[in-house]
Ligand code: NAD
């Protein structure tokens, strides 16, 4: 193990890479291949030993890319000026951060903002990957899309693996086998990738989304888009996301879903509303109408799930129907999930690093902008993102807790 750098007034900016500690997490924030542009700027990089192991990146590869590695996690927490992470470290570790350290990662700022309190107090500057605005300039930093792409693919592969049938139509001397029927609910990033993957495997695919704009994308992938008359209500929220629907509109969707479930072999459900529990779309009766051997993969499980029977993180079998509720599908593909995530992080770092020095311009709309609507959750002890700041007001803490009852932290 190489010696850790001493801090002096001219010491370079230290960037730390931690071994992710959340249960089941296999991804790493930066890979050895990510380090070239950072070391070229004079950054000193320290990696916690084993950080990239599950993603196929050994300590030696980081060392060859110019990093130092250590078993001393606390040293990294206490000395890193920049800490890209996949998941936000726990509160006790937040309390050990170097004051004014910059932490970048998935922080669940709208779901569990209170879990960031210790880091905000430290104070640390927090940039949440979930809050990067969906503007063209920030597309290369969009880690939500990267991870959703992987989740959509993996959900279909998992279903195909478990399904006691084949996906493609086969014409053989022993007779013809019909293709599997896959139903995708929510045709956003994960849903579209699920459709494309199921189509590649030869399934017949139907899809439903409340956003009319999704219809064209669904059809362009060779799937059938199922339209529901929602009474002309607005279904588009900001930034490409869906709006939260009325109970009546949700019910119309549930009816269509129940009718479609009855003839589907696989359902991949992905519907989400940012910062809210996932909409309930699949009733128990719809699950019971599916034939034995059918598979449901509820990708919305981390936000509580789209199916009435979903238990986040638990696989259940009911009357021969298997219901999967994975909490971290991206972690099941650690190499490519880390590769895409690391590129998103690197592109973000290019915004706040100038010639090896931290240079944070909160006027930039990706970071905060005039509306405080960007990725910056907190800076110099103050909440910055307006939505998160509002949730952190003591009066709103209780409402948030109720909204997320049942959803995992
Ligand atoms: P998401 O994960 O929040 O939701 C998944 C899908 O569920 C969405 O398509 C949403 O419309 C749908 N949904 C929500 N409630 C539903 C309901 N009650 N019934 C049926 N479907 C419901 O969304 P996402 O996948 O992250 O992205 C959504 C859109 O944003 C996509 O069209 C995507 O192409 C777009 N996008 C734009 C950019 C950009 O940079 N401009 C980047 C990424 C994504």
Under 16 Å from the residue 114 label point (7 Å along Cα→beta-carbon), backbone N, the range 76-101: 91-92
GNM top mover of 238, 305, 42 - the chain, alpha-carbon springs below 10 Å: 238
For q = 0.08, 0.10, 0.13 Å⁻¹, Debye-computed log10 I/I(0) when each Cα of the chain counts as one equal scatterer: -0.46, -0.71, -1.10
Fully extended contour minus Cα-Cα distance, from residue 262 to residue 61, at 0.36 nm per residue: 67.3 nm
Global geometry of the range 112-160, whether rounded, prolate or oblate, following the gyration tensor of its Cα atoms and the 1.5 cut on a/c: oblate
Part-to-part distance (alpha-carbon centres) for the range 87-136 and the range 55-77, which is given in Å: 22 Å
Computed over the chain: relative contact order in percent, which uses C-alpha pairs under 8 Å that are six or more apart: 17 percent
Inverse mean reciprocal Cα-Cα distance (Kirkwood Rh) of the range 23-164, Å: 16.8 Å
Pairwise label distance in nanometres, residue 49 with residue 382, each label 7 Å out on the Cα-Cβ vector: 4.3 nm
Degrees, to the nearest 10: 394-403 long Cα axis against longest axis of the chain: 30 degrees
Separation of alpha-carbon centers, the range 285-345 and the range 159-180, rounded to whole Å: 23 Å
FRET efficiency, 1/(1 + (r/R0)^6) with R0 35 Å, evaluated for residue 332 and residue 72 via beta carbons: 0.70
Distance between modelled label sites at residue 140 and residue 233, nm, 7 Å Cα→Cβ extension: 4.0 nm
Förster-model FRET efficiency, 30 Å R0, residue 162 and residue 251, C-beta, rounded to 0.05: 0.50
Among 340, 391, 170, residue whose mean-square fluctuation peaks in a GNM of the chain (springs only between Cα atoms under 10 Å): 170
Length released on extending from residue 121 to residue 96, taking residue separation times 0.36 nm less the Cα-Cα span: 7.9 nm
Inter-label distance for residue 40 and residue 224, nm, one decimal - labels placed 7 Å from Cα along Cα-to-Cβ: 5.2 nm
Theoretical gain in end-to-end length, residue 390 to residue 284 [0.36 nm per residue, Cα-Cα removed]: 34.6 nm
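Quick note: the coordinates plus some simple rules give every number you see, no bench work behind them. Quantities reported herein were computed from a predicted structural model and do not represent experimental measurements. Every residue, glycine among them, receives a Cβ derived from its backbone with ideal geometry; neighbour counts consider all protein chains shown.
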